[in-house]
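For reference, the structure I am asking about is given below.
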Amino acid sequence: MSRYDVAIIGGGHNGLVAAGYLAKAGAKVVVLEQRPMVGGAAITEETWPGYRVNTFSYVAGLLRPQIVEDLELAKYGYEPILYDPQAFCPFPDGRSLSVWNDTDKTIKEIEKFSKKDARAYPKYEEFWDGVLDLVEPLLLAPPVPLADLVSQFPGTESEELVRQLFLLSAQDFLDEWFESDEVKISFATNAVIGEMAGPRTPGTAYVLAHHNIGTINGVRKVWGFSKGGMGRITEAMAASARHFGATIRTGARVREVVVREGRATGVTLTDGETVEARAVASNVDAQHTLLELVPRDYVPSEVVREVRRIRSRGAALKFNAALDGLPKFTAAPKTPGPHHAGAIEICPSMDYLERAFDDGKYGRFSEHPFMDCELQSVRDPSMAPKGKHVMTCFVQYAPYELRGTTWDEFKPKAAERVLDTYAEFAPNIRSIVKKWQIVSPLDIERTLGMTGGNIFQGNITPDQIFSFRPILGWSSYRTPLPGLYFCGSAAHPGGGVTGAPGHNAAQAILEDLPNVPK
């Protein structure tokens, strides 16, 4: 029988970060991952010979710089690639708008649509810099109540921040900054990514804020790639954790948390093996942890009720493809062009995005979906054979509960709809797509155990963030069962490849665990 200080359920990025910090502090740690490889949603697979695909998570930027430094991830192979432009938005009338890392270049783009908006853009950027100055220090710490957060602003500034970030929809928020619909939509897509919510849904302004915390090589509010794919991030995390002394086991599925004398004392695997530990950290979501892995007698009924109320409705599917060439856009015919190097947003208007959501909320895959598409092989040739490319598209809205059919049956029709929509902006897309893969919300749940196929382990709208995450009263990474902790995206600050929940959970465990060097 194996004995450890901490057993971690799940080898996704947060579990690996927790393992790295715990092992670095001197704890004896084991990570137990059910799949043949570590990484969870942050993996890269050779789906077709020579084509390396980011099957689930697909862009880097949210990973906190302190974690990169503390765990020496660059030493173990993590190399971020900052892409530019950050977004290319083609429109049906043949125009386009690119959002660049250079503010002056973006201003020139915006001027094509509104000189007033071009003047407003620097102030918009300053606003987000101020928000980040406030929020960034809170990411690698236990969550504070929202009331305490906003109280740091004097007078009416506090109330105005609450109104803008936590009460407004993305549409209403952006309406206060810009007049051009094309300018608004170039920012609005980040407000609905992964959420079963539309741009007019209250609270989506906060989702926009969550997706503005990216930092790569000292540049803020940006996204990029992980060289070699997202799997390189978690491979580096695993190598770091092993360097500090952690044990990582794959093919080790946890069946149950072991409880003795009212405390978590280890886990039992599906093959009957018991792994003893002084503490257990769960990288899976709150629903699986407290409703399936912990014996019911040890979870209070009121906690069961609250956990069941967590909103975890999947909203998106992944469309991954092997390409013979590059898409040629009507709005930007030059191929290859700078617009191929970053995010390509297939979403021409705010009304378009809201109508796509209208389909999703009634259980239908969007007739005209919004797509966030990347061609990492343009910047990173290691992702595809020479002269070829790999494309990944995050597609909304794809409801977990698909009305009138099943995802297993509907995948070919979904692929056709994705290609039809893409072809409206890049007519050659069908001629260059040679292989495709659909990863549905059901696939996400089946493969990764994310309830409802929700990529964040629970929505990241204002009612499920900070001290509300995963449920009110249990936001400090500890659970109602002593010795059991949350270390995944179900905990503060939520989803995305930030590593912050793993970091914060490790600190909580070290505070509670005696006889481990601090």
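If you take the residues of the stretch 403-458 that are farther than 30 Å from Lys388 by Cβ and acidic (Asp, Glu), which of them is farthest from the chain's Cα centre (by Cα)?
Glu409
Hey, another quick one. What residue, among those in the stretch 171-198 that are more than 25 Å from the chain's Cα centre (by Cα) and either of a type in the set (A, V, I, L, M, F, W, C) or in a loop (DSSP other than H, G, I, E, B) (or both), is farthest from Glu345 (Cα to Cα)?
For the stretch 171-198, the residue satisfying everything is Glu176.
Same structure again: Which residues, taken from the stretch 175-204, are free of Cβ contacts under 8 Å to residues at least 40 places away in the same chain and within 20 Å of Met371 (Cβ to Cβ)?
Of everything in the stretch 175-204, those that are free of Cβ contacts under 8 Å to residues at least 40 places away in the same chain and within 20 Å of Met371 (Cβ to Cβ) turn out to be Asn190, Ala191.
In the stretch 329-353, what count of residues is obtained for those that are in a loop (DSSP other than H, G, I, E, B) and surrounded by 19 or more Cβ atoms within 10 Å (Cβ to Cβ)?
Result for the stretch 329-353: 4.
On to the next question. I need the strands (runs of 3 or more DSSP E) fully contained in the stretch 1-56, keeping only those with at least 1 residues that are buried (at least 24 other Cβ atoms within 10 Å of the Cβ).
2-9, 29-33, 51-53
Can I ask one more? Restricting the search to the stretch 199-227, which residues are in contact with a Ser or Thr (Cβ under 6 Å, 6 or more places away or on another chain) and outside any loop (DSSP other than H, G, I, E, B)?
Thr204
Which members of the stretch 289-328 meet the condition of being in contact with an Asp or Glu (Cβ under 9 Å, 6 or more places away or on another chain), assigned to a loop (DSSP other than H, G, I, E, B), among the charged types (D, E, K, R) and at pLDDT 95 or above?
Arg311
Quick check on this structure: which one of Ala147, Ala118 is part of a helix (DSSP H, G or I), over 23 Å from the mean Cα position of the chain (by Cα), aliphatic (A, V, I, L, M) and at pLDDT below 95?
Just one listed residue meets the conditions, Ala147.
Taking the condition of being modelled with pLDDT of 95 or more, surrounded by fewer than 24 Cβ atoms within 10 Å (Cβ to Cβ) and out of contact with any strand residue (DSSP E or B) (no Cβ under 8 Å at 6 or more places or on another chain), how many residues in the stretch 504-518 meet it?
Residues in the stretch 504-518 being modelled with pLDDT of 95 or more, surrounded by fewer than 24 Cβ atoms within 10 Å (Cβ to Cβ) and out of contact with any strand residue (DSSP E or B) (no Cβ under 8 Å at 6 or more places or on another chain): 3 in total.
Something else about it: Only residues in the stretch 376-392 that are in a strand (DSSP E or B) count as the first member; pair them with residues that are β-branched (Val, Ile, Thr), Cβ under 7 angstrom, at least 6 apart or cross-chain, and list the lot.
From the stretch 376-392, the pairs are His389/Val378; Val390/Val53; Thr392/Val53.
A further question on this structure: Which numbered condition in (1) modelled with pLDDT of 95 or more; (2) buried (at least 21 other Cβ atoms within 10 Å of the Cβ); (3) within 17 Å of Gly502 (Cβ to Cβ) is the only one that Arg232 fails?
Evaluating Arg232 over (1) modelled with pLDDT of 95 or more; (2) buried (at least 21 other Cβ atoms within 10 Å of the Cβ); (3) within 17 Å of Gly502 (Cβ to Cβ) leaves (3) as the failure.
Given the options Leu63, Leu82, Leu32, Leu73, name the one that is of a type outside the set (Phe, Trp, Tyr) and under 25 Å from Thr270 (Cβ atoms).
None of the others qualify; the one that does is Leu32.
Could you please find all residues in the stretch 170-223 being farther than 24 Å from Ala118 by Cβ, surrounded by fewer than 24 Cβ atoms within 10 Å (Cβ to Cβ) and among the small types (Gly, Ala, Ser)?
Within the stretch 170-223, Gly194, Gly203, Gly218 qualify.
Okay, moving on. Give the residue that is farthest from the chain's Cα centre (by Cα), with candidates limited to residues of the stretch 81-102 that are of a type in the set (Ser, Thr, Tyr) and part of a strand (DSSP E or B).
Ser96
The values are calculated or read from the model by the stated rules, or taken from the named source; none is laboratory data. What you see is a predicted model, and the numbers here were worked out from it, not measured in a lab. Every residue, glycine as well, gets a Cβ built from its backbone with ideal geometry; the counts of neighbours run over all protein chains shown.
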